[in-house]
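Colleague: Before anything else, here's the structure in question.
The values are calculated or read from the model by the stated rules, or taken from the named source; none is laboratory data. Here the structure is a predicted model, which is why all the values come from computation and not from measurement. No Cβ is skipped: glycine too gets one built from the backbone with ideal geometry, and neighbour counts run over all protein chains shown.
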């Protein structure tokens with residue numbers, strides 16, 4: 001279940017209700033604001049992951065609100081405009097908005113754009129540093145009583161026995177071990193797996209993770225190591241300890 005918090009800023013209560021129902025149907029936590037004052041009050045009290053911002057807010061200007069938010073925050077912003085407001089859409093993107101939705105909109109478009117913007121915002125944080133990747137890649141990694149020798153493509157299970165792993169399984173495991181406790185979208189996983197001897201696709205990623213779970217999870221039906229983050233992707237939730245290969 002997603003714990004992402006989304007702030008809907010619109011002075012029309014019907015639009016706010018429509019967006020709230022749409023986003024809550026995909027398990028997002030939704031807050032509402034009708035003007036600049038209520039927007040900033042919520043941003044002060046809540047850790048919001050995304051804002052949908054109508055550009056026409058009566059006495060307040062959505063563009064000015066976006067500018068002021070950008071002075072102190074990098075939270076993703078999706079602006080909401082009328083079909084004919086081409087100039088406002090362009091200016092909105094120039095002041096730092098991440099995407100836009102035009103009225104009238106379909107709920108499926110809203111969800112698609114929200115998911116896409118959240119994925120993009122996460123990708124700036126998911127890649128390990130060059131030093132971290134080098135350190136993990138050169139040594140052995142211990143997690144949940146198992147040890148992976150990344151340089152030898154070997155995994156010792158909880159009994160100390162060699163686990164049966166395909167090259168695809170091990171490369172997927174390596175990506176997770178190099179990015180512990182980082183949420184990674186399917187797109188990001190595919191990027192990290194490029195250059196391998198198999199061509200990952202969206203469904204391939206899901207199937208590969210399902211197979212990997214069977215080999216490393218204590219209970220694959222209730223995974224604790226590789227967790228699904230609804231609407232975004234996956235996260236390796238276990239602590240890892242890096243050592244030298246033996």
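Colleague: Out of the residues in segment 71-96 that are modelled with pLDDT under 85 and under 17 Å from residue 118 (Cα atoms), state the one that is surrounded by the fewest Cβ atoms within 10 Å (Cβ to Cβ).
Modeller: Checked segment 71-96; the qualifying residue surrounded by the fewest Cβ atoms within 10 Å (Cβ to Cβ) is 74.
Colleague: Quick one: in segment 31-47, of everything that is in contact with a helix residue (DSSP H, G or I) (Cβ under 7 Å, 6 or more places away or on another chain) and within 20 Å of residue 18 (Cβ to Cβ), which residue is surrounded by the most Cβ atoms within 10 Å (Cβ to Cβ)?
Modeller: Of everything passing the filter in segment 31-47, 39 is surrounded by the most Cβ atoms within 10 Å (Cβ to Cβ).
Colleague: So, one more: Tally time: how many residues in segment 225-246 are surrounded by fewer than 15 Cβ atoms within 10 Å (Cβ to Cβ) and at pLDDT 95 or above?
Modeller: The qualifying residues number 0.
Colleague: Right, residue 68: more than 27 Å from residue 108 (Cβ to Cβ) and surrounded by fewer than 18 Cβ atoms within 10 Å (Cβ to Cβ) or not?
Modeller: In short, yes.
Colleague: Would you point out which residue out of 23, 17 is at pLDDT 90 or above, in the same structural domain as residue 115 (by TED's automatic domain parsing), assigned to a helix (DSSP H, G or I) and surrounded by fewer than 18 Cβ atoms within 10 Å (Cβ to Cβ)?
Modeller: Every option except 17 fails the conditions.
Colleague: Suppose the filter is modelled with pLDDT under 90, part of a helix (DSSP H, G or I), in contact with a strand residue (DSSP E or B) (Cβ under 9 Å, 6 or more places away or on another chain) and surrounded by 15 or more Cβ atoms within 10 Å (Cβ to Cβ); does residue 173 pass it?
Modeller: Taking the combined requirement at face value, the residue does not satisfy it.
Colleague: Looking at (1) at pLDDT below 85; (2) over 20 Å from the mean Cα position of the chain (by Cα), which is the only condition residue 140 fails?
Modeller: (1)
Colleague: Quickly run through segment 17-37 and pick out the residues that are in contact with a strand residue (DSSP E or B) (Cβ under 8 Å, 6 or more places away or on another chain) and closer than 18 Å to residue 66 by Cβ.
Modeller: Scanning segment 17-37 gives 19, 31, 32, 33, 34, 35, 36.
Colleague: Filter segment 209-246 down to residues that are in a strand (DSSP E or B) and either touching a residue at least 40 places away in the same chain (Cβ under 8 Å) or outside the structural domain of residue 159 (by TED's automatic domain parsing) (or both), then give me how many there are. Quick ask: steps written out before the conclusion?
Modeller: So the first thing to find is which residues in segment 209-246 are in a strand (DSSP E or B), and the list is 226-229, 233-236, 241-244.
Then keep just the ones that are either touching a residue at least 40 places away in the same chain (Cβ under 8 Å) or outside the structural domain of residue 159 (by TED's automatic domain parsing) (or both); that gives 226, 229, 233-236, 241-244.
Summing the residues that are in a strand (DSSP E or B) and either touching a residue at least 40 places away in the same chain (Cβ under 8 Å) or outside the structural domain of residue 159 (by TED's automatic domain parsing) (or both) in segment 209-246 gives 10.
Colleague: Among the residues of segment 142-169, write down those that are surrounded by 16 or more Cβ atoms within 10 Å (Cβ to Cβ), within 18 Å of residue 211 (Cβ to Cβ) and touching a strand residue (DSSP E or B) at 6+ places or on another chain (Cβ under 7 Å).
Modeller: 146, 148, 155, 163, 165
Colleague: Could you tell me whether segment 108-126 includes any residue that is modelled with pLDDT of 85 or more, in the same structural domain as residue 206 (by TED's automatic domain parsing) and buried (at least 18 other Cβ atoms within 10 Å of the Cβ)?
Modeller: Scanning segment 108-126, I find no residue that is modelled with pLDDT of 85 or more, in the same structural domain as residue 206 (by TED's automatic domain parsing) and buried (at least 18 other Cβ atoms within 10 Å of the Cβ), so the answer is no.
Colleague: Next question. Can you pull out the residues in segment 71-94 that are out of contact with any helix residue (DSSP H, G or I) (no Cβ under 6 Å at 6 or more places or on another chain), within 26 Å of residue 106 (Cα to Cα) and part of a loop (DSSP other than H, G, I, E, B)?
Modeller: Within segment 71-94, 75, 83, 84, 85 qualify.
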